[in-house]
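Report on the following structure.
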Amino acid sequence: MLQRRQDAMGMIPALATFFEFLQDSGQWSEASMPPEETGRVLTSLEFAVLEALDDPSRRSFSTNVLGYGVEHGLDPTDEEALAGYFEWYTALPHAERILLSDTGRLEEPEVPYDPETMRGMPNGPAFGGQGIDGPSDED
């Protein structure tokens, strides 16, 4: 699941509150464990979830690539922003694309990702007016 670290950390208390709401509103199945016990089980899993988030080998290629964008301001629900992000990713040098897909991290990319300027503009400011394929006929 694609989410920022701080969002993952907030899942446990949110789920515990939701389970208590279900019980209070009569929608919690009596066959299920009590919501209080469910909260304790979820809390016991908190560090395992965070460890999984921090371990790139436990994430998919797409989660590593998209996770980096989300951590740097990408709204993955904005199609134009997502297109711009993938233009940025595609324009990275091969070694940086591999590093990002394997680790979800880039310390100092050749072209830093800026969600404000990289919004699906193949000849826009994201790539110095040259687009991802180099200078256009108009340059």
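Does Glu37 qualify as being of a type outside the set (Ser, Thr, Tyr) and either in a helix (DSSP H, G or I) or touching a Gly at 6+ places or on another chain (Cβ under 7 Å) (or both)? Full working, then the answer.
Values: of a type outside the set (Ser, Thr, Tyr): yes; either in a helix (DSSP H, G or I) or touching a Gly at 6+ places or on another chain (Cβ under 7 Å) (or both): yes.
In short, yes.
Here is a check on your reading of the model: is Glu37 exposed (fewer than 12 other Cβ atoms within 10 Å of the Cβ), modelled with pLDDT of 85 or more and not assigned by the TED database to the domain that holds Leu106?
Details: exposed (fewer than 12 other Cβ atoms within 10 Å of the Cβ): yes; modelled with pLDDT of 85 or more: yes; not assigned by the TED database to the domain that holds Leu106: yes.
So Glu37 fits the description; yes.
Residue-wise test of (1) among the basic types (Lys, Arg); (2) surrounded by 12 or more Cβ atoms within 10 Å (Cβ to Cβ); (3) part of a helix (DSSP H, G or I).
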position	(1), (2), (3)
Gln6	no, no, yes
Met33	no, yes, no
Thr43	no, yes, yes
Phe47	no, no, yes
Val65	no, yes, yes
Ala81	no, yes, yes
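Taking the options Leu100, Leu92, name whichever one is surrounded by 13 or more Cβ atoms within 10 Å (Cβ to Cβ), more than 19 Å from Ala8 (Cα to Cα), within 13 Å of the chain's Cα centre (by Cα) and not assigned by the TED database to the domain that holds Gln6. Write out each step before concluding.
Working: Leu92 fails: within 13 Å of the chain's Cα centre (by Cα).
Of Leu100, Leu92, the one residue that is surrounded by 13 or more Cβ atoms within 10 Å (Cβ to Cβ), more than 19 Å from Ala8 (Cα to Cα), within 13 Å of the chain's Cα centre (by Cα) and not assigned by the TED database to the domain that holds Gln6 is Leu100.
Residue-by-condition table, conditions (1) over 28 Å from Trp88 (Cβ atoms); (2) of a type in the set (Ser, Thr, Tyr); (3) without any contact (Cβ under 8 Å) to a residue 24 or more places away in the chain:
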residue: Pro13; (1), (2), (3): yes, no, yes
residue: Thr17; (1), (2), (3): yes, yes, yes
residue: Gln27; (1), (2), (3): yes, no, yes
residue: Glu36; (1), (2), (3): yes, no, yes
residue: Phe47; (1), (2), (3): yes, no, yes
residue: Leu53; (1), (2), (3): no, no, no
residue: Arg59; (1), (2), (3): no, no, no
residue: Asn64; (1), (2), (3): no, no, no
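Return only the number of the condition from (1) surrounded by fewer than 16 Cβ atoms within 10 Å (Cβ to Cβ); (2) in a helix (DSSP H, G or I); (3) in contact (Cβ under 8 Å) with a residue 12 or more places away in the chain that Pro76 does not satisfy.
Every condition holds for Pro76 apart from (2).
Restricting to region 10-31, and then to whatever is in a helix (DSSP H, G or I) and open to solvent by less than 50 Å² (accessible area, probe 1.4 Å), can you tell me which residue is modelled with the highest pLDDT? I'd like the intermediate steps shown before the answer.
So the first thing to find is which residues in region 10-31 are in a helix (DSSP H, G or I), and the list is 10-24.
Adding the requirement that they be open to solvent by less than 50 Å² (accessible area, probe 1.4 Å) leaves 10, 12, 16, 19, 22.
Details: Gly10: 81, Ile12: 80, Ala16: 84, Phe19: 88, Leu22: 91.
My answer is Leu22.
Can you tell me which residue within region 45-81, out of those that are closer than 21 Å to Arg97 by Cβ and of a type in the set (Ser, Thr, Tyr), is modelled with the lowest pLDDT?
Out of the qualifying residues, it is Ser57.
So, in region 10-65, how many residues would count as being among the β-branched types (Val, Ile, Thr) and under 30 Å from Phe86 (Cβ atoms)?
Matching residues across region 10-65 total 3.
Could you please give the count of residues in region 86-111 that are farther than 14 Å from Thr63 by Cα and assigned to a helix (DSSP H, G or I)?
The number of residues fulfilling the criteria is 7.
The values are calculated or read from the model by the stated rules, or taken from the named source; none is laboratory data. Please read these numbers as outputs of a predicted model, since none were measured by experiment. For neighbour counting, all protein chains shown are included, and Cβ atoms are generated from backbone atoms with ideal geometry for every residue, glycine included. These accessible areas exclude ligands, DNA and RNA; they are computed on the full protein's heavy atoms, side chains included. Shrake-Rupley method; radii C 1.70, N 1.55, O 1.52, S 1.80 Å.
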